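Structure first, then comments.
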Amino acid sequence: MHFYRKYKLNVHIHLITIVGGCFLVFYLVYSTYIDPFFSNINKILQSNTITMLTRNNANCYYIYREQPMGFEYQLAQAFSKYLGVQLKVNTVNWQDMFKAANSGQGDFIAASLTITSRRDNKVDFSIPYMNIQQQLITHRDNRRVDGIEDLRGKKIHVREGTTYQQRLEELNANKNLNIKIVLHKDMPTEELIRLVANKKIHFTVADSNIALMNRRYYPDINISFPLEEKQALGWAVKEEDNDLLEKINSFFKQIKKNGLYGKIYTKYYGNIHIFDYVDLIKYHRRLKTRLPKYKDIIKKTAKQFGFDWRLIAAIVYQESHFNPQATSFTGVKGLMQVTLQTAQEMGISNRLSPKQSIYAGVKYLKKMYSRWDKIKGHDQLLFALASYNIGYGHVTDAQKIAKKMGLNQNRWSSLKKTLPLLREKKYYSQTKYGYARGTEPVRYVDRVLLYYDILKKRKRSTKPLFI
C-alpha cells in the first residue's frame, strides 16, 4: 500500500512536470511566433493600410479643392510613408473616439488630443508632439472679464466630452464659481468661435493653436486669458498596442530631428501669431466690397497661368488693397504694383488698367516660379513670391549666405533667416546685388499666405495649383 501511494504521487509529479513543460513550450512559441504575427502592427504591414481616426475640422482633416488637408492629416500621411503603407481616414464623432480605437475601427487617433490621466485610462498615448493651453474666447467688445474670478456665474459654451468641459467643472468644484456650462454635442470648436464672433454667444474655450488659427478668420474674437497651465497633445492607440505605439514614438522623434515636423507645422501654424486687427477687418470688408469687381479677371488670368485664383487675389490685396489706382513712392503702379520695366517686359502699356496689371503681374509671377524649378514642393512658390517682391537676384544672394552658414539654401525656412541679413553691411557687401530691405519679402510672403488661407477657408471645392 505504501509503495502504491508513493508510485501514485510520482505519477502526479511527472504529469504536472509534463503539463508545465508543455505550457512553457506553448508560451514560448506563442510569444515568439504567433502573438507577433497577429499583432496590430503586423496586420497593418500585411494589409499595407493604416487607418487614422480623426475629426473633420480645419485643424485635423478636411477636403480643400478635392485634396485632403489638415495638420493632423499631413502628420498621419507622413507616418504612413514612414511605415511604407497606405493611409485611410475615418472621421468619427468626438464622443465615440476612444470607443472606435478600442473596437478596431481605426489603428490610431490623431485628433489634437490633450494627454490627460482620465483619457490615459482609456487609451495609450504617444510622446507629446505639441504644447497648447486652454484659452477663454470672447468678443472684442466684451471687456467684462479679465481673469478666472470674473467667470463667476457666467455662461460658457463648450463641446461635450472635451477637456474644456473637464476644466470648467474643476473650476466650479475648486473655486465655487458657479459657471453655467452649456454643452454642445459634437459641435466643432471652430463653430463655437464663429458664434462668439457673431455675438450669438458670449464665451467659449479653445486650445491656443485652434484659437490663434481661427482669429485670422474671425478677427472680432478676443483670446482673453488661459484657464490652466500648458498641456501636451499626443496621438493615441488602443490599450497595450505597444508595437504600434513604439513606431509612432520613433516617427515623432525622427521628424522632429530631420525638420519634417517643423515644415508641416509652419505650413499650418507658422503665421498664426501675425495679427493686425485693423488690417484683417479691412481685408474681410474688402473681400466683399472690392474683390467682386476684379474676381472674374483674376480667375481667368490665374487659370491661364496655372495658379489658384485665391492666391492671386491674396497677392493683389497685399500689393494694392484692390485699388487699381494705387501708386507707391518707388513708382510701381496698379493692382499688382507692376514696375515700368516689368510692364514693358510682360507686354502691357497701361499699368493702371486692372486687366493689364493683373495679366502682367501673374505672368511675371509665373516667370519667377519657373526660375525656381529646382526648389522642391511648396517652397518653390515661396521663393517665387519673395522674388516677385524683392527681385530674383536678392533671393539668390540670400541663398549664398545660407550656404555659407551651413543652412539648406533650397529651403524657405533658411531664407527666412538670411534674407533679413541683406540689411547688414557685413553680409550684403559680399553679395552680387548688394543691400536690400530683406525683412520685407519675409513679411510679404507671410502676409500673402495669411490672406490666401483666409480665402481658402471661405470655400473649399476644387484642387489647388502650385500650393
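The values are calculated or read from the model by the stated rules, or taken from the named source; none is laboratory data. Given the structure is predicted, the values throughout are model-derived calculations rather than measurements. All Cβ positions, glycine included, derive from the backbone under ideal geometry; neighbour counts span all protein chains shown.
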> Taking the stated definitions as given, is LEU455 touching a Gly at 6+ places or on another chain (Cβ under 9 Å), aliphatic (A, V, I, L, M) and touching a residue at least 12 places away in the same chain (Cβ under 8 Å)?
Replying inline: no
> If we scan the stretch 371-383, do we find a residue that is touching a residue at least 24 places away in the same chain (Cβ under 8 Å) and among the small types (Gly, Ala, Ser)?
Replying inline: no
> Going by the structure shown, is ALA236 in contact with a strand residue (DSSP E or B) (Cβ under 7 Å, 6 or more places away or on another chain), within 28 Å of ASN57 (Cα to Cα) and touching a residue at least 24 places away in the same chain (Cβ under 8 Å)?
Replying inline: yes
> Which number in (1) closer than 20 Å to THR204 by Cα; (2) over 15 Å from the mean Cα position of the chain (by Cα); (3) surrounded by 16 or more Cβ atoms within 10 Å (Cβ to Cβ) marks the one condition that GLU228 misses?
Replying inline: (3)
> When you go through ALA211, ALA206 one by one, which is the residue that is of a type in the set (A, V, I, L, M, F, W, C), buried (at least 21 other Cβ atoms within 10 Å of the Cβ) and not in a helix (DSSP H, G or I)?
Replying inline: ALA206
> Can you pull out the residues in the stretch 291-324 that are of a type in the set (D, E, K, R) and modelled with pLDDT under 95?
Replying inline: GLU319
> In the list ILE272, ILE221, ILE281, which residue meets the criterion of being buried (at least 20 other Cβ atoms within 10 Å of the Cβ) and aliphatic (A, V, I, L, M)?
Replying inline: ILE221
> Counting only residues that are without any contact (Cβ under 8 Å) to a residue 40 or more places away in the chain and of a type in the set (Gly, Ala, Ser), which one in the stretch 348-370 is surrounded by the most Cβ atoms within 10 Å (Cβ to Cβ)?
Replying inline: SER357
> So which of THR327, THR342 is touching a Gly at 6+ places or on another chain (Cβ under 9 Å), surrounded by fewer than 22 Cβ atoms within 10 Å (Cβ to Cβ) and modelled with pLDDT of 90 or more?
Replying inline: THR342
